[in-house]
1. Heavy atoms only, 1.4 Å probe, whole protein assembly: order I357, I323 by accessible area, highest first.
2. Enter the accessible area per residue of region 3-80 (Å², integer; probe 1.4 Å; all protein chains in place).
3. Please calculate the 1.4 Å probe accessible area of S211, with all protein chains present, and give it to the nearest 10 Å².
4. Using the Cα centre of region 364-489 as origin and beta-carbon charges of +1 (Lys, Arg) and -1 (Asp, Glu), tell me which of L380, L412, N487 is placed farthest towards the positive end of the dipole.
5. For the pairs K207/K318; K136/K303; K26/K482; K136/K162; K303/K431; K23/K437, flag any whose C-alpha to C-alpha distance is greater than 23 Å.
6. Please report the net charge: other residues with Cβ closer than 12 Å to the Cβ of I280, K and R +1, D and E -1.
7. What are the semi-axes of the equivalent ellipsoid of the chain, taken as the square roots of 5 times the eigenvalues of the Cα gyration tensor, listed largest first and rounded to whole Å?
8. Considering only C-alpha atoms, what is the centroid distance from region 457-483 to region 70-142, in Å?
Amino acid sequence: MDAAEFRKRGKEMVDYVADYLEKIEKRQVFPDVEPGYLRPLIADCAPQDPESFEDVFKDIEKIIMPGVTHWHSPYFFAYFPAASSFPALLADMLCGGIGCVGFSWAASPACTELETVMLDWLGKMINLPEEFLAGKDGQGGGVIQGSASEATLIALLAARTKTIRQVQSERPELTEAEIMGRLVAYASDQAHSSVERAALIGAVKIKNVPSDDTFTVCGSALKKVLEEDKAAGLIPFFFCATLGTTSCCSFDKLLELGPICNKENIWMHIDAAYAGSAFICPEFRHLLNGVEFADSFNFNPHKWLLVNFDCSAMWVKKRSDLIGAFKLEPLYLQHHHQESGNFIIKWDYYYYFHWQIPLGRRFRSLKLWFVLRMYGVKGLQEHIRKHIRLSHQFEHLVLQDKRFEICAEVVLGLVCFRLKGSNGLNEALLKSINDAKKIHLVPCHLREKFVLRFAICSRTVESTHIKFAWQHISQLATDLLKTWEQNHH
């Protein structure tokens, strides 16, 4: 394909994507395929001779689309939102076109510098304390990671290195292995599974801190676990607080937890993967109060801020903690600007490969730059507020039906609900909803209860879609309850 054909095909592809998104609600939200559907539809091995673009393009509708779950459909209410917008898609095209691998300043100055500035913009939008910003002379700063799971792992590894060095300086008789064996990380019993995974990769113990009846961790619960573990000779070093848990969007009590972590010299990381976007609205910013005690903080603009995947924003108070944990510099990655002594100190955030697991990185800040400029803070606030209004509309509909109950406080765009009755009944309801394929939901467990999650996801979802979803759920519940009572008496 030469540049001339690329121009032609590029325009066709843009039209195809625009049509796909514009008409997405006509497509069935969840596919009608069985596992293994795709293999029989394509050849056993790659073609020896080139095929035409037409041949490839034809196969999108024939082979790919039948197996796509349409995350951007206004009938998709599963998981959490996956952000997308036309400005972000255009920026992603440009990112692919430039195709730089921006691990350091020299590898692509614009790629590095724009990221630093965009993370400062975003930090100011959510009113992050000054220490988290790079600014002109700050010691903190932000970085774009691939996902919140990655951010948690990076924070945990940095905390581990920092603690090992600290303990070694106080107790030189202990080996690194002995210290590692005593380290303990903590998170809520409602925290995302990625926190446990980070501890697994980091080869450290992790303990769940029990949450209360609002699925929140408070200071007294953390204190109790810490006292027990310190008495047993263990070394607490890391606590992951969650703002907006995956199951029910509950919020750990930062104002109680933060001072404890600071006093005990425990790294506090805040995972606000979904909820963080809402903090751009002044009326939800109080949910972030206590962030001033944290060492690192993360949320995903790629969930709820109209920037498509992947774009996970992470800030640290002291970037030297991160760089100190990951710094290795072979000669081929060094650069002549480094010779001037001040460069290392002042521009260390220009070496983003010390802030992350991979060496290479894409020009992801372009997406943020396009979206923040073309929506403006006000446009993004309106997007968040609309989703939250729609979740309260759904909550209101559920509360009017005596057969149902709401299982957790509705704070942002997630409603946890269920039929009053057994778990089996609710499992059957969810199955009938997802079998009908008119809307798509996923469940969670809250204590012993099997609960249905209704998350407001699509950029294009409207009040009519919420009403449709509720009428559909309500009708399926009516049908189910008739047969259920006959079969279970």
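The values are calculated or read from the model by the stated rules, or taken from the named source; none is laboratory data. If you're wondering where the values come from, they're calculated on a predicted model, not measured in any experiment. Backbone-built Cβ (ideal geometry, glycine too); neighbour counts: all protein chains shown. For the accessible areas, the whole protein counts, side chains as well, though only heavy atoms, and no ligand, DNA or RNA atoms are used. Shrake-Rupley method; radii C 1.70, N 1.55, O 1.52, S 1.80 Å.
1. Values: I357 90, I323 15 Å².
Reading off the accessible areas and sorting them downward yields I357, I323.
2. On the way: 5540 Å² over 78 residues.
Per residue, region 3-80 has 71 Å² of solvent-accessible surface.
3. 20
4. Of L380, L412, N487, it is L380.
5. Numbers: K207/K318 26 Å; K136/K303 29 Å; K26/K482 31 Å; K136/K162 26 Å; K303/K431 26 Å; K23/K437 17 Å.
Going by Cα-Cα distance, K207/K318; K136/K303; K26/K482; K136/K162; K303/K431 fall outside the 23 Å limit.
6. On the way: positive: K124, R285, K378, R385; negative: E283, E382.
Combined, the nearby Lys, Arg, Asp and Glu give +2.
7. Working: eigenvalues 295, 221, 89 Å².
In descending order the semi-axes read 38, 33, 21 Å.
8. Their Cα centres are 35 Å away from one another.
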